[in-house]
Each structure stands twice: as C-alpha cells, then as structure tokens.
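J.: Take a look at this one; I'll ask things after.
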Amino acid sequence: TPHMPDVPCVTPWRNLALLSWLLFGVQSLHRALVAGPWPHSGIRRIQRRAAPSGSSILQQLAALKEEDEAMEAEVQEDFLIDVEELRRRAKENQASHSHALREGAIFGHQPLFLMHILNNFREVGKQIGDEKFEGKYVDCTFGRGGHSRGILAHLGKKSRLYALDVDRAAVAVGEELAAKDKRLKMFHKPFADLGEVLKRVKVNGVLINGGFTSDAREDVTRGIAKGPLDLRFDQEAGVPCSQWLRTVTVQELADVFQNSTNYMNPYLAQRLAQEILDEQQLMGRSYRSIREFAAVVVRVSGTVERSEE
C-alpha cells in the first residue's frame, strides 16, 4: 500500500516489531522489580520460572502476568501485616498516654504533649524492644507528674529520670512517686539550678513545660485566677506579689511586663506600670486580690476581656 500523506502506514511487520519491543520492555521492567533492591525488608523476592522453550510471545506474556500478580499479592500481604503492626503499636501508645493522663489528672495535671515527648526521647535514647528505651532524662517542671509518669512507663530498668520543681506541693507528689520507683530522683529546685543538680551527669533529653498546673490555678491562696495577689510557685520563698509591688519602681515593673510577654508595646508597658503604681498610691494600700489588680490592667489596655482572663 503506498504511503499516503497524513495517514499512518501500519504493516504486519511493524505490528510484530512493536509487540517485540513491548515484550522486551515488560521483561526488563519485571526483572528490575524482582531483582530489587527493595527498601522494605518484609518483601520477598519472587524467583522467575524459566519460560518453556519454544513458547510463543503470548504465552510468555501470560507467564509474566501470572508472576506479576503473585508478586503483587505478596507485596500487599506484607503491607497489610505492617499496617496491623503499626495499628497495634498506636493502640499501645494511646493506652499508655491515656493512663498517664488519668494518673496526672488525679493530682491536677494534664500532660498534653506526652506522645511528642516520648517520640523525641526515644530517638535520642537507646531503644530496647518496640516501645521502651534506655537513657538519662530530665523533667524540669514536674508539676503533678503527668509527663514523668508517662516517661517512666517507657524507660528501661537501667534508666534515670531527674525531676525538678519549686512548688512544694509538687515536690511532695514527686517524692512519693520516687519512693515507689527508684529510677526517679526528685529535687526541690528551679530548673535554673539544673547544672547544680546534674553536676557532671550527661543526659539524653530535657523537658521544660512552663506554666502553672491546673490545681495551682484553681488554688485560691495563690491568686493566679482568683484570691489574694500572691503568684508564687513556692509560697514559702520570697514575698507575695502584692508586697513586692510596694517596693518596685515604674521602670522595674515595666521591664517585667516586657520580659514576660512577646507582644507588649514598650510605651504600653510604661503606661501600665505607671497606672498600677499610681492606683496603689491612691488606695494607700497594697492590692488585695488578682481581680483588683487585673481591673487596672483592663482599664489601661483598653480590652474588654474579663479580668480573670
């Protein structure tokens, strides 16, 4: 047939050439897939069966299809096994997390980031088995022990956990736990003294979870959300905030506001400090409660939020 413009010329010989090229490509790809190397250790190699001598191209293609289907089935089986293993580990981690949450809640602490902490601590420690790991770690803010309990549940027998807190109520909880678990060492220290606590001990990981515990916030004697203006972690050290305000200058108080927030305008800090101390002088006494103090802050900053927020 003469070749016509814009009309493809297809001959039986060309069909055979295309089919041969396709078979060569499929065979090459299949050899590469079977030979590996596979990054997944669970996938097994499939041994190629020799094609019968004198077999046609269609028979060879059919044999390749059968082997491809067999390999796909094995890969899928291994994948499903791995998925089930991951689900099992996830359930175990969730159960451990829930247990730590319940234990911490009893003492007024909700460890919100325990899973992330465990994953990071596991990476920098020596793994033993699927879930446990060995190492030396620090909980700089023990609180009521929610995080420490979760960490101890995953530490090996030779591990050590150093816990610090300045809240005497927290230290009492920690000492009670340390009496039951010798891997825990409890210290009534601020984490600024961590070097003094550890001395020359090298640790794998350190946790600092700043802020008040839930029960400290609700404790009316501390004045965090309600009650007298105290604000101390350790109520046997230093002086209450109400007494401290009688001794500071405007600049010192403005510096505290700026150093404890990331967003306060320096001019607002100066004005707020000035108004707080002026109000204190007009009253002729110290601030009696956190609400009384917060009312001045709300008035100066121009917010409409409730004073306890």
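The values are calculated or read from the model by the stated rules, or taken from the named source; none is laboratory data. The model shown is predicted, which means the values in this text are computed figures rather than measured ones. Neighbour counts run over all protein chains shown; Cβ positions are idealised from the backbone, glycine included. Quick note on the areas: whole protein, heavy atoms, side chains included, nothing else; ligands and nucleic acids left out. Shrake-Rupley method; radii C 1.70, N 1.55, O 1.52, S 1.80 Å.
J.: Go through (1) hydrophobic (A, V, I, L, M, F, W, C); (2) over 24 Å from the mean Cα position of the chain (by Cα); (3) crowded, with 20+ Cβ neighbours inside 10 Å for Leu155 and report which single condition fails.
T.: In the conditions (1) hydrophobic (A, V, I, L, M, F, W, C); (2) over 24 Å from the mean Cα position of the chain (by Cα); (3) crowded, with 20+ Cβ neighbours inside 10 Å, Leu155 misses (2) alone.
J.: Still on this model: Here is a list: Gly150, Gly211. Which entry is part of a loop (DSSP other than H, G, I, E, B), among the small types (Gly, Ala, Ser) and under 24 Å from the mean Cα position of the chain (by Cα)?
T.: Answer to the check: Gly211.
J.: Which residues, taken from the range 226-277, are of a type outside the set (A, V, I, L, M, F, W, C), part of a helix (DSSP H, G or I), touching a helix residue (DSSP H, G or I) at 6+ places or on another chain (Cβ under 9 Å) and open to solvent by 30 Å² or more (accessible area, probe 1.4 Å)?
T.: Correct list: Gln251, Glu252, Asp255, Gln258, Pro266, Gln270, Arg271, Gln274, Glu275.
J.: If Met186 satisfies all but one of (1) part of a strand (DSSP E or B); (2) open to solvent by less than 70 Å² (accessible area, probe 1.4 Å); (3) more than 21 Å from Ala237 (Cα to Cα), what's the number of the condition it fails?
T.: (3)
J.: When you check Leu112 against the structure, is it modelled with pLDDT under 90, part of a loop (DSSP other than H, G, I, E, B) and surrounded by fewer than 24 Cβ atoms within 10 Å (Cβ to Cβ), yes or no?
T.: Details: modelled with pLDDT under 90: yes; part of a loop (DSSP other than H, G, I, E, B): yes; surrounded by fewer than 24 Cβ atoms within 10 Å (Cβ to Cβ): yes.
So Leu112 passes the test.
J.: Also, I was wondering about something else. Just wondering, is there one or more residues in the range 124-137 that are of a type outside the set (A, V, I, L, M), surrounded by 23 or more Cβ atoms within 10 Å (Cβ to Cβ) and within 28 Å of Asp234 (Cα to Cα)? Even if it seems obvious, please write down each step before you answer.
T.: Residues of the range 124-137 of a type outside the set (A, V, I, L, M): 125-127, 129-137.
When the remaining residues are screened for being surrounded by 23 or more Cβ atoms within 10 Å (Cβ to Cβ), the result is 137.
Then drop every residue that is not within 28 Å of Asp234 (Cα to Cα), which leaves 137.
Taking every residue of the range 124-137 in turn, at least one turns out to be of a type outside the set (A, V, I, L, M), surrounded by 23 or more Cβ atoms within 10 Å (Cβ to Cβ) and within 28 Å of Asp234 (Cα to Cα).
J.: Let me ask something additional. Which of the numbered conditions does Gly195 fail, given that it passes all the others? Conditions: (1) part of a helix (DSSP H, G or I); (2) open to solvent by less than 50 Å² (accessible area, probe 1.4 Å); (3) of a type outside the set (Lys, Arg).
T.: Status for Gly195: all satisfied but (2).
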